[in-house]
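Asker: Just passing along the structure, written as structure tokens.
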Amino acid sequence: MIWNEGIECASREKIEAIQLERLRSTVENCYNNVPHYKKKLDAAGVKPGDFKTLADITKIPFTEKDDLRANYPYKLFAVPMKDVVRIHASSGTTGKPTVVGYTQNDLDMWAEVVARLACAAGATSEDIAQISFGYTLFTGAFGLHYGLEKLGATIIPISGGNTDRQINVMEDFGTTLLVSTPSYALYLAEVAKKKGIDTKKLPLKIGMFGGEGHTEQMRAQIEKELDIIATENYGLSEIIGPGTSGECTVKDGMHIAEDHFYCEIVDKDTLEPVPYGEPGEMVITSLSKEALPILRYRTKDITWLIPEKCKCGRTSMRMAKIQGRTDDMLIIRGVNVFPSQIEGVLLDVEGIGPHYEIIVKKDGVMDKIEVMVELVDASLLESFSALEEIEKKIKHDLFTILNISADVHLAEPESLKRFEGKAQRVTDLR
Ligand code: DLL
């Protein structure tokens, strides 16, 4: 089923006409109601009336996380506080969080875009959805909550943490849809198994995961362990939260809610637009938000756009999996590496589980990378030659595929840290 066929399957002309009209009113709203934007637009010599085509968007200066910090907490809001009905926040570049606000219309739009993605993931009003994101300032839980509720699903707002209880509820309440980070889904599966629960026999059938990336290997593992279809969802607080984009069951790129968010990809160094299909930094402009309209926000996320119609029938622009962030990219002895690429290599090695840690440090003047990864089977610890073999294989693959020399340490099953929220896998000690 398609939740909003008129939009999700619209022609390019129709979508672009909606985008242009909304871009004009968003710029006008920013110019008239947010002093920060007025100053920036004036300095760039841009007036709200200047937007003849969508390509004119490149006249607008970028917005960055630091602009939110400089206007902490509410100075980028375009409406009086009496019209702001919700606040969320995410981590800032330094101490203070990045604060975002929503009017009632913003919340209604948010529920609409999430309902589209829930529907695209195969959810219906029959589903019983367990929301295992924390109900906190983080947008994950509330975003999925209201979108799934709009769809008519039954919501279990269990929030994050207390894994034993999550599993009991999953069994007793008949959860059919799980909302969490992908790493927590794997952890849930692992704990359930330890409790002697056959996770494949649970009524669970859909996972809507997001907030962090995962490789295809990790998705396959989650789908296998829990016997579900797992879709990936992307978003960021500054734009709305989850609902920005997400996969349908075809799982070939994340559909963007283009009537509300205009996405550009720019070269991460020159910041000039790149053609469709080429990777670069995703820049997003909100097209309908009232409380916190946002112009050309630099997400720092690296991806590319897929304009072709999807096999599911939706015509909406899709984005590829996030390849990494411009700011989490590790440079090790001059080689650029994304942690997700290391994960990809690890998960292709037999006998290795999906839990790992990457430590980057200095060895004299040289960068040194250590990878700690868990074995699946503790009995391997008894065979020195088997361990040596696996270590050698990982080292070899990291070198030949990613061109990095790493020290590899194999750890006992279940010995590395688990995360209830987003996994923190990289420690950069340099
Ligand atoms: O993580 C919103 C969200 C919650 C999306 C739940 C989906 C599900 P923030 O806390 O503001 O918002 O973090 C935003 O997280 O710029 C990406 O770097 C990263 N991120 C979010 N989803 C994905 C994903 C939420 N599917 C930042 N793949 C973004 C990779 C992701 N990175």
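Asker: For region 112-204, just the Cα set please: Rg and Dmax, both in angstrom.
Answerer: 12.7, 39
Asker: Under a no-solvent Debye model with one identical scatterer per Cα of the chain, what's log10 I(q)/I(0) at q = 0.07, 0.08, 0.10 Å⁻¹?
Answerer: -0.36, -0.47, -0.73
Asker: Name the residue from Leu295, Thr215, Leu402 whose Cα lies farthest towards the positive end of the charge dipole of the chain, charges +1 on Cβ of Lys and Arg and -1 on Cβ of Asp and Glu.
Answerer: Ranked along the dipole, the leading option is Leu295.
Asker: While we're on this one: Work from the charge dipole of the chain (Cβ charges, +1 for Lys and Arg, -1 for Asp and Glu, about the Cα centre) and give the residue of Leu148, Leu429, Pro48 farthest towards its positive end.
Answerer: My answer, from the dipole projection, is Pro48.
Asker: Quick check: net charge around Val373, other residues with Cβ under 10 Å of its Cβ, Lys/Arg +1 and Asp/Glu -1?
Answerer: -4
Asker: Cα centroids of region 368-423 and region 37-57: how far apart, whole angstrom?
Answerer: Centre-to-centre (Cα) distance: 51 Å.
Asker: May I ask for the net charge around Glu149, where only other residues with Cβ less than 13 Å from the Cβ of Glu149 are counted and Lys, Arg are +1 while Asp, Glu are -1? Intermediate values should be presented prior to the final figure.
Answerer: Values: positive: Lys150; negative: Asp108, Glu112, Asp127.
Once positives and negatives cancel, what remains is -2.
Asker: Still on this structure, please answer the following. With 30 Å as the limit, write out which pairs from Lys75/Lys309; Lys200/Lys361; Lys59/Lys150; Lys38/Lys268; Lys14/Lys289; Lys59/Lys361 have Cα-Cα distances beyond it, or answer none.
Answerer: Flagged as over cut-off: Lys75/Lys309; Lys200/Lys361; Lys59/Lys150; Lys59/Lys361.
Asker: Follow-up. Report for the chain the percent antiparallel among DSSP-assigned beta bridges with both residues inside it, nearest 5.
Answerer: Numbers: 41 of 66 bridges.
Approximately 60 percent, going by the DSSP bridge assignments.
Asker: What FRET efficiency comes out for Tyr276 versus Gln217 if R0 is 22 angstrom and r is the Cβ-Cβ distance? Round to the nearest 0.05. If you can, show how the numbers build up before the last one.
Answerer: Numbers: r = 27 Å, r/R0 = 1.22.
My answer for the efficiency is 0.25.
Asker: Determine the gain in length on full extension of the stretch Lys193-Gln424; use 0.36 nm per residue of separation and subtract their C-alpha separation, reporting nm with one decimal.
Answerer: Here the segment from Lys193 to Gln424 would lengthen by 80.8 nm.
Asker: Could you tell me which GluC sites (Glu not before Pro) in region 88-191 are loop residues by DSSP with no more than 16 other beta carbons within 10 angstrom of their beta carbon?
Answerer: Those that pass, being in a loop and sparsely packed, are Glu126.
Asker: Additional query: Between Met81 and Lys362, what is 0.36 nm times their sequence separation minus the Cα-Cα distance? Round to one decimal in nm.
Answerer: Working: separation 281, 0.36 × 281 = 101.16 nm, distance 4.84 nm.
Net length gain for the segment: 96.3 nm.
Asker: Please give the helix 182-194 orientation as an angle from the longest Cα principal axis of the chain, in degrees from 0 to 90, rounded to the nearest 10.
Answerer: 40 degrees
Asker: Name the most mobile residue of Asp172, Asp227, Asp50, meaning the one with the largest mean-square fluctuation, in a Gaussian network model of the chain with Cα contacts below 10 Å.
Answerer: Asp172
Asker: Using the number of other C-beta atoms within 10 angstrom as an exposure proxy, rank Leu177, Leu226, Leu381 with the fewest first. Write down the numbers at each step before the final one.
Answerer: Details: Leu177 28, Leu226 23, Leu381 14.
By the 10 Å Cβ count, ascending, the order reads Leu381, Leu226, Leu177.
Asker: Can I ask one more? Spin-label point model (7 Å from Cα, Cβ direction): what's the Asn162 to Glu13 distance in nm?
Answerer: Distance between the two pseudo-spin positions: 5.6 nm.
Asker: Something else about it: Where nothing but the Cβ of Lys and Arg (+1) and of Asp and Glu (-1) is charged, how large is the charge dipole of the chain around its Cα centre, in debye to the nearest 20?
Answerer: Dipole about the Cα centre, nearest 20: 1160 debye.
Asker: Related question: At what distance in angstrom do the alpha carbon centres of region 203-247 and region 292-362 lie from each other?
Answerer: When both Cα centres are located, 14 Å separates them.
Asker: Taking every eigenvalue of the Cα gyration tensor of region 43-121, multiplying by 5 and rooting it, what semi-axes result, largest first, whole Å? Please report the intermediate quantities before stating the final value.
Answerer: Working: eigenvalues 120, 92, 43 Å².
Output for region 43-121: semi-axes of 24, 21, 15 Å.
Asker: Need one number: nm distance between label points at Ser385 and Thr400, each 7 Å from Cα along Cα→Cβ, rounded to one decimal.
Answerer: Placing both labels 7 Å along Cα→Cβ, they lie 2.2 nm apart.
Asker: What are the semi-axes of the equivalent ellipsoid of region 159-215, taken as the square roots of 5 times the eigenvalues of the Cα gyration tensor, listed largest first and rounded to whole Å?
Answerer: 18, 12, 11
Asker: Taking every DSSP beta bridge that has both residues in region 335-428, what percent is antiparallel when rounded to the nearest 5? Write down the numbers at each step before the final one.
Answerer: Numbers: 9 of 18 bridges.
Rounded to the nearest five, the antiparallel share is 50 percent.
Asker: Related question: Let's see if you can work this out: charge +1 on each Lys and Arg Cβ, -1 on each Asp and Glu Cβ, no other charges. What is the dipole magnitude of region 327-430 about its Cα centre, in debye to the nearest 20?
Answerer: Dipole size: approximately 460 debye.
Asker: In nm, to one decimal, how far is the modelled label at Ala378 from the one at Lys268, with both set 7 Å along Cα→Cβ?
Answerer: For the pair Ala378/Lys268, the computed spacing is 4.0 nm.
Asker: Could you tell me the relative contact order of the chain? Use alpha-carbon pairs under 8 Å, at least six residues apart, and round to a whole percent. Working shown, then result.
Answerer: Working: 867 pairs, mean separation 58.2, N = 430.
Contact order relative to length: 14 percent.
Asker: Here's something else I'd like to know. Tell me whether region 335-428 comes out rounded, prolate or oblate; compute the Cα gyration tensor, take square roots of the eigenvalues as a ≥ b ≥ c, and use a/c under 1.5 as the rounded threshold.
Answerer: oblate
Throughout, read-outs are computed from the coordinates displayed, never taken from laboratory work. Fair warning: this is a prediction, and the values are worked out from it, not measured in the lab. Using ideal geometry, Cβ is built from the backbone for each residue, glycine included, and neighbour counts are taken over all protein chains shown.
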